[in-house]
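Chemist: To start, I am sharing the structure in question, which I have written as structure tokens.
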Amino acid sequence: MSDTVKITRDDGIAVLTLDNPPVNALGHALRAPLFEALQQAKADDAVQAIVITCAGRTFIAGADISEFGKPPKEPSLPDLIAMLESIDKPTVAAIHGTALGGGLELALGCHYRVAEKSAMIGLPEVNLGLIPGAGGTVRLPRLVGPEAALKMIVSGKPIGMDEAVRLGAVDRLAETDLLAEAIAFAREKAASGNAHPHIRARAEKLAVDLAAFDEAVKAVTKKARGLTAPHTAAEAVRNAITMEFDAALDRERELFLERRDSAESAAQRHLFFATREATKVPGVGRETEARKIARAGVIGAGTMGAGIAMALANGGIPVTILEMNEDAIARGLAHVEKTYAGSVKRGSIAPEEKEARIARISGTTDYADLSDCDIVIEAVFEDMGVKRQVFTALDSVLKPGAILASNTSYLDVNEIAATTKRPQDVVGLHFFSPAHVMKLLEIVRGDETAPEVIKTALTLARKIGKVPVVVGVCNGFVGNRMLAARREQNEDLLLSGATPEQVDRVFTDFGWPMGPFQMVDLAGLDISWKHRQSLGLTAPIADTLCEAGHFGQKAGRGFYLYEEGSRTPKPDPFVQELIEKKAAELGVERREISADEITERTLYPMINEGAKILEERIAARASDIDVVWVNGYGFPVAKGGPMFWAERFGIKTIVERLEHWHQKTGNPLFEPAPLLRQLALTGGGFADLA
Ligand code: 3H9
């Protein structure tokens, strides 16, 4: 007996209960005693069958991710599953919660799987830059067929029990008592006198048309976003068809180890833990209670307001949108209807689900209709005067304890809070457009925001499927503040000799989905023009483009030309001429600009700004910044976020190059933050700063 594996006996059935909180990850502390327990049960003639069950909230959630990158300890997970497979008496996995990754692989090493109806099973290794490494790519195809296995393994998405039973991955669903029913099932199988073939002995499902399989591979790897693991996973599943069982297992192991040691997997594992760390907020403990959110309000039915309303409705929360007049409400609701109709058309939601979501969204022009809301999120024009009016009105109608949130993307949340008599209930909730799609939610904590309000915002984020990061008050918070630093040199680069294509190419080569000029074209040049005007700022090239109607993709021209109905950017001679003309007017001498120079003048200032954000405690940790950039701004997942990337690339080099540009230009943008200088000197990492 060990702390993590308990062996009990139920009249000839050995029950092995695994208990390794929080999620029964298969770390060494679980593998070693489980191996021994299986050995014992195998050798014991009095044991007729074995049931593996888990204590706590879930079946095994996979290998222990924190062990990757450390020296391996025997027995390995493949050893453990080989031991299971050497047992002839019936072995049954009793699954509740989630059986994921190595957890499902262990269950596939059993003869049978019995599960609760609410359980989920999956092989999500690709989300960690990995492939299943303990037989998942070889056993699952034999159980459910190669195409179904391919889909599960390459997408990494878990499936529910309806599908699992249909595919034959689960043998029986428990009605009321999982363990009792799994034991009864095991007893039934032991008494049947039948042989119990392991999955390795079943090859009939592998008789498939390889050409059709390869077509399926193309379809499922289309969304791989420049990542390697989905392709490797598909290769491993293909091996299960074309190779002998043991050869395919050996090859899977090799491919798994390759992936495990890759920079891509290190980055994705970092993001896995970073996302969870981000929900641990100083001053907001387990004991802090979240307030109940049963009903929400949104102020403004524009693209952002409607998007936020849809995000809330998608999470099952009824929402009332407030607008100035009926026409504006009608426009907002029409946008909602059109968006959901698009989702139905793409097959991402069922028609009934569309109706249910729409039914949760209503409109009003009367603030009094918001009086029973538990939270109201304002998404009006970015102007302090307008925000003040909205918050004063909300303060006068909302019930005590209701949360007043602003979707501002850069304004001072403390100033907004000060317009109310309840600054403790005011918080920033910065959604990203389109708000019903984008994962990131910056939760802006004002000086007086109560811990329960932060806790409520975190709970709400989870409920509506967002990835939250708590940030402090400053202009642009974490994301937009760093974006401003990244963008500062864009026009200067063009004036000095770069083309928009050349700058964008440096970004896409790095792994970004698009470069800064493509991004401005997509968002609309008029948006940033208005923003600059409100701040009294100018940008010689972009301003002139706006004056000439180059508002971006929607106008068919921006920094690029777009042919009718096309989103493919083409170089625009007008833009090139304009750049050259402006350079001449401003007396800027044009020269060759290298890819390195573009990186140094865009990416490095952004990292420098990230360091300042840490110095000022606007973000609690560097990994929070990574979560912001990967989930809100398209920073390549394979690189783990700007701060993670910077550390691996070399902070010393970044500081040297920033110093070079600082000396050359005198621009404070390039002056290395003291924190970066310190890390460059000590060779330390951001995590050492905590
Ligand atoms: C694998 O299996 C490889 C094999 O094929 C081959 C091996 C040879 N390890 O998410 P939560 C921690 S790769 C270590 O907040 P939930 C997590 O960090 C693995 N730690 O809970 C957190 O810690 P803390 C394939 C893990 O209820 C705590 O547990 N498996 C692991 O929202 C609670 O987590 C996966 O990729 C782990 N495997 O969701 C599944 N899992 O409290 C990964 C969790 O200190 N896990 N932790 O912040 C999940 O998807 C979710 O955790 C799960 C529960 C759905 C299970």
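What follows is calculated from the coordinates using simple rules that are stated; it is not laboratory data. No experiment lies behind these values; they were computed from the predicted model shown. Don't worry about glycine lacking a Cβ; one is built from the backbone with ideal geometry, like all the others, and counts go over all protein chains shown.
Chemist: Can you work out ³J(HN,Hα) from phi for every residue in segment 563-569, in order, using Karplus 6.51 cos²θ - 1.76 cosθ + 1.60 and θ = phi - 60°, giving whole Hz and x for Gly and Pro?
Modeler: Listing the rounded values in order: 6, 2, x, 9, 9, 7, x Hz.
Chemist: Given 37 °C and 0.692 mPa s, how large is the Stokes-Einstein diffusion coefficient of segment 1-127 in µm²/s, with Rh as the Kirkwood radius over Cα pairs? It would help to have the intermediate numbers written out before the result.
Modeler: On the way: Rh = 14.4 Å.
Estimated diffusion coefficient is 228 µm²/s.
Chemist: Taking the highest mean first, how do the peptides 595-605, 651-661, 532-542 order by number of other beta carbon atoms within 10 angstrom per residue? Don't skip to the answer; put the middle values down first.
Modeler: Numbers: 595-605: 20.0, 651-661: 18.0, 532-542: 13.9.
Averaged packing, sorted descending, gives the order 595-605, 651-661, 532-542.
Chemist: So for the chain, taking the charge dipole from beta-carbon charges (+1 Lys/Arg, -1 Asp/Glu), which of Pro500, Ser528, Phe391 sits furthest toward the positive end?
Modeler: Result: Phe391, furthest along the dipole toward the positive end.
Chemist: Please provide three numbers in whole Å: the alpha-carbon extents of segment 561-676 along the principal axes, with the largest listed first.
Modeler: Principal extents (Cα only, largest first): 45, 40, 23 Å.
Chemist: Under a 5 Å amide H to amide H cut-off, with H placed in plane at 1.01 Å, what residues pair with Val467 once short-range neighbours are removed?
Modeler: For Val467, the qualifying residues are Leu440, Leu441.
Chemist: Give me the tail of P(r) for segment 503-598 as a percent: Cα-Cα pairs with distance above 21 Å. Can you show the working numbers first?
Modeler: Details: 1726 of 4560 pairs.
Within segment 503-598, distances greater than 21 Å cover 38 percent of Cα pairs.
Chemist: Okay, next question. Given Cβ point charges of +1 (Lys, Arg) and -1 (Asp, Glu) and nothing else, what value in debye, to the nearest 20, does the dipole of segment 428-527 about its Cα centre take? Don't skip to the answer; put the middle values down first.
Modeler: On the way: 10 positive and 12 negative charges, 130 e Å.
Once rounded to the nearest 20, the dipole reads 620 debye.
Chemist: Rounded to the nearest 20 debye, what is the charge dipole size of segment 406-452 about its Cα centre when +1 sits on each Lys and Arg Cβ and -1 on each Asp and Glu Cβ? Don't skip to the end; give the middle numbers.
Modeler: On the way: 4 positive and 7 negative charges, 36 e Å.
So the magnitude is around 180 debye.
Chemist: What is the P(r) of segment 56-135, as percent of Cα-Cα pairs per 10 Å bin from 0?
Modeler: Pairs per bin, as whole percents: 18, 48, 30, 3.
Chemist: Dipole of the chain (Lys/Arg Cβ +1, Asp/Glu Cβ -1, origin at the Cα centre): which of Leu681, Thr599, Gly285 lies farthest to the positive side?
Modeler: The residue sitting farthest along the positive end of the dipole is Gly285.
Chemist: Now a separate question. Cβ neighbours within 10 Å, averaged per peptide: list 636-645, 250-259, 208-217, 46-55 in order, most packed at the top. Please report the intermediate quantities before stating the final value.
Modeler: Numbers: 636-645: 24.0, 250-259: 18.4, 208-217: 13.4, 46-55: 21.2.
Taking the mean over residues of other Cβ atoms within 10 Å, the ranking is 636-645, 46-55, 250-259, 208-217.
Chemist: Tally the DSSP beta bridges in the chain and give the antiparallel ones as a percent, rounded to 5. Before the final figure, lay out the partial values.
Modeler: On the way: 16 of 58 bridges.
Beta bridges within the chain, antiparallel portion: roughly 30 percent.
Chemist: May I ask you to derive the relative contact order of the chain, considering only C-alpha pairs under 8 Å and at least 6 residues apart, and to give it as an integer percent? Walk me through the numbers on the way to the answer.
Modeler: Values: 1268 pairs, mean separation 61.5, N = 690.
Result for the chain is 9 percent.
Chemist: Further question: Over its Cα atoms, what ratio of radius of gyration to 2.2 N^0.38 Å does the chain give?
Modeler: Working: Rg = 28.2 Å, N = 690, 2.2 N^0.38 = 26.4 Å.
That ratio works out to 1.07.
Chemist: If you take every DSSP beta bridge fully contained in segment 334-476, what fraction is antiparallel? Give it as a percent rounded to 5. Intermediate results must be reported in sequence, preceding the final value.
Modeler: Numbers: 4 of 16 bridges.
Given both bridge residues lie in segment 334-476, the antiparallel proportion sits at roughly 25 percent.
Chemist: Just to check I understand the Karplus step: with θ = phi - 60° and J = 6.51 cos²θ - 1.76 cosθ + 1.60, what whole-Hz values come out for segment 548-554, glycine and proline as x?
Modeler: Once θ is set to phi - 60°, the couplings for segment 548-554 become 8, x, 7, 8, x, 3, 4 Hz.
Chemist: Over segment 271-397, consider all pairs of different Cα atoms and compute the Kirkwood hydrodynamic radius from their mean reciprocal separation; express it in Å, one decimal.
Modeler: Evaluated on segment 271-397, it is 16.1 Å.
Chemist: Report for segment 13-159 the percent antiparallel among DSSP-assigned beta bridges with both residues inside it, nearest 5. Provide the component values of the computation, followed by the final result.
Modeler: Numbers: 1 of 17 bridges.
Of the beta bridges lying entirely in segment 13-159, close to 5 percent run antiparallel.
Chemist: How large is Rg over Rh for segment 491-532, taking Rg from the Cα atoms and Rh as the Kirkwood inverse mean of 1/r across Cα pairs? Walk me through the intermediate numbers first.
Modeler: Working: Rg = 11.1 Å, Rh = 10.9 Å.
Answer for segment 491-532: 1.02.
Chemist: Of Ser406, Ser76, Ser118, how do they rank once you tally other Cβ atoms within 10 Å and put the fewest first?
Modeler: In order of increasing Cβ crowding within 10 Å: Ser118, Ser76, Ser406.
Chemist: Count charges around Ala418 for me, please; just the other residues with Cβ under 14 Å from its Cβ, Lys/Arg as +1, Asp/Glu as -1. Display every interim value, and only then the final one.
Modeler: Working: positive: Lys387, Arg388, Lys421, Arg422; negative: Asp395, Asp412, Glu415, Asp425, Asp447, Glu448.
Here the count lands on -2.
Chemist: Something else about it: Of all alpha-carbon pairs in segment 517-569, indicate the percentage at a distance above 16 angstrom. Show your work: numbers first, answer last.
Modeler: Working: 459 of 1378 pairs.
Considering segment 517-569, 33 percent of its Cα-Cα pairs are separated by more than 16 Å.
Chemist: While we're looking at this one, here's another question. In deg cm²/dmol, rounded to 500, what helix-only [θ] at 222 nm does the chain give when every DSSP H run of at least 4 residues adds -39500 (n - 2.57) and the total is split over its residues?
Modeler: Numbers: 29 runs with 337 residues, N = 690.
Per the formula, -15000 deg cm²/dmol.
Chemist: Classify segment 433-586: rounded, prolate or oblate, from the alpha-carbon gyration tensor (a ≥ b ≥ c, eigenvalue square roots; a/c under 1.5 rounded; otherwise prolate if a/b is larger than b/c)?
Modeler: On the way: a/c = 2.45, a/b = 1.91, b/c = 1.28.
Prolate shape, in that a/c is at least 1.5 and a/b is the bigger ratio.
Chemist: Check cross-link reach from Lys581 to the lysines: straight Cα distance under 23 Å, and skip same-chain residues fewer than eight apart.
Modeler: Lys570
Chemist: Let me ask something else. Helix by helix through the chain, keep the DSSP H runs that span 24 Å or more along the axis on Cα and average at least -1.0 on Kyte-Doolittle, and give those back in order. Intermediate results must be reported in sequence, preceding the final value.
Modeler: Numbers: long enough: 326-346 (30 Å, -0.49); 595-615 (29 Å, -0.36).
Membrane-span-like by this rule: 326-346, 595-615.
Chemist: Would you please give the FRET efficiency between Thr392 and Ser2, computed as 1/(1 + (r/R0)^6) with r the Cβ-Cβ distance and R0 = 45 Å, to the nearest 0.05? Provide the component values of the computation, followed by the final result.
Modeler: On the way: r = 62 Å, r/R0 = 1.38.
My answer for the efficiency is 0.15.
Chemist: What does the charge dipole of the chain about its Cα centre add up to, to the nearest 20 debye, if the Cβ of each Lys and Arg holds +1 and the Cβ of each Asp and Glu holds -1?
Modeler: Numbers: 79 positive and 93 negative charges, 114 e Å.
It comes to approximately 540 debye.
Chemist: What is the projected area of the convex hull of the Cα atoms of segment 173-262, averaged over all directions, in nm²?
Modeler: Numbers: hull surface 37.3 nm².
Over all viewing directions, segment 173-262 projects a mean Cα-hull area of 9.3 nm².
Chemist: Give the Debye-formula value of log10 I(q)/I(0) at each listed q (0.16, 0.26, 0.31 Å⁻¹), with one equal scatterer per alpha carbon of segment 274-313, two decimals each.
Modeler: -0.68, -0.84, -0.95
Chemist: Oh, and also: Given Val237, Cys474, Ile121, which one lies farthest toward the positive end of the charge dipole of the chain, if we put +1 on the Cβ of every Lys and Arg and -1 on the Cβ of every Asp and Glu?
Modeler: About the Cα centre, the residue reaching furthest to the positive side is Ile121.
Chemist: To continue, here is another question. Which values, in whole Å and largest first, are the semi-axes of the equivalent ellipsoid of segment 455-494 obtained as the square root of 5 times each eigenvalue of the Cα gyration tensor?
Modeler: Working: eigenvalues 194, 27, 4 Å².
Semi-axes (√(5λ), whole Å): 31, 12, 5.
Chemist: Continuing with the same structure: Whole number please: convex hull volume per residue, Cα atoms of segment 106-203, in Å³.
Modeler: 98
Chemist: Considering amide H positions built from the backbone, and no H for Pro or chain starts, which residues 5 or more places from Ile95, or on another chain, come under 5 Å of its amide H?
Modeler: Val114, Ala115, Glu116
Chemist: Using the count of nearby Cβ atoms within 10 Å as a rough guide to exposure, how do Arg487, Arg388, Arg557 rank from fewest to most?
Modeler: Details: Arg487 18, Arg388 15, Arg557 21.
Ordered by Cβ neighbours within 10 Å, fewest first: Arg388, Arg487, Arg557.
Chemist: Which residues' amide hydrogens lie under 5 Å from the amide hydrogen of Val444, considering only partners 5 or more residues apart or on another chain, with H built in the peptide plane?
Modeler: Hits under the 5 Å cutoff: Gly428, Leu429, His430, Val471.
Chemist: Do me a favour and compute the ellipsoid semi-axes for segment 345-448 from its Cα gyration tensor, root of five times each eigenvalue, largest one first, whole Å.
Modeler: On the way: eigenvalues 149, 62, 28 Å².
Over the Cα atoms of segment 345-448, the semi-axes work out to 27, 18, 12 Å.
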